[in-house]
Amino acid sequence: MGVAYQRALRDVKFQEEVYKNMYQLLEIARVDKIKDAVIISVLGKATLPEKKSFPRRGLSLIVITILAGLIFMGLLLVESDGKNYNKRKVMTLISA
């Protein structure tokens, strides 16, 4: 019984020492982490650009207008099924 008790006591003391050492390493790691924290600094003040580079509004407006006109004309052709319509019938298609 005495040998088993001494062996268990030795194991407990060994585990206590391991725990103490690991706890000290954890504390050191926490302190190092705080010391190595990245400090953000402002390098320069942001300024507005002199000229807007993208998107070009004028060019976008022209392209969209042309595309819309082409789509509208295509829809008119599909609606008419190749039949010849006079101006009055085309205007009724446009207004409908």
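The values are calculated or read from the model by the stated rules, or taken from the named source; none is laboratory data. It should be emphasised that the depicted structure is a prediction, and the values quoted were computed from it without experimental measurement. Positions of Cβ are backbone-derived with ideal geometry, glycine not excepted, and every protein chain shown enters the neighbour counts.
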query = Quick one: would you say G74 is of a type outside the set (S, T, N, Q), assigned to a helix (DSSP H, G or I) and without any contact (Cβ under 8 Å) to a residue 60 or more places away in the chain?
reply = yes
message = Give me the residue from the range 43-60 that is modelled with pLDDT of 80 or more and polar (S, T, N, Q) and, out of that set, surrounded by the most Cβ atoms within 10 Å (Cβ to Cβ).
response = S60
Only listed residue being of a type in the set (A, V, I, L, M) and surrounded by 10 or more Cβ atoms within 10 Å (Cβ to Cβ), chosen from I34, I40, I66 = I66
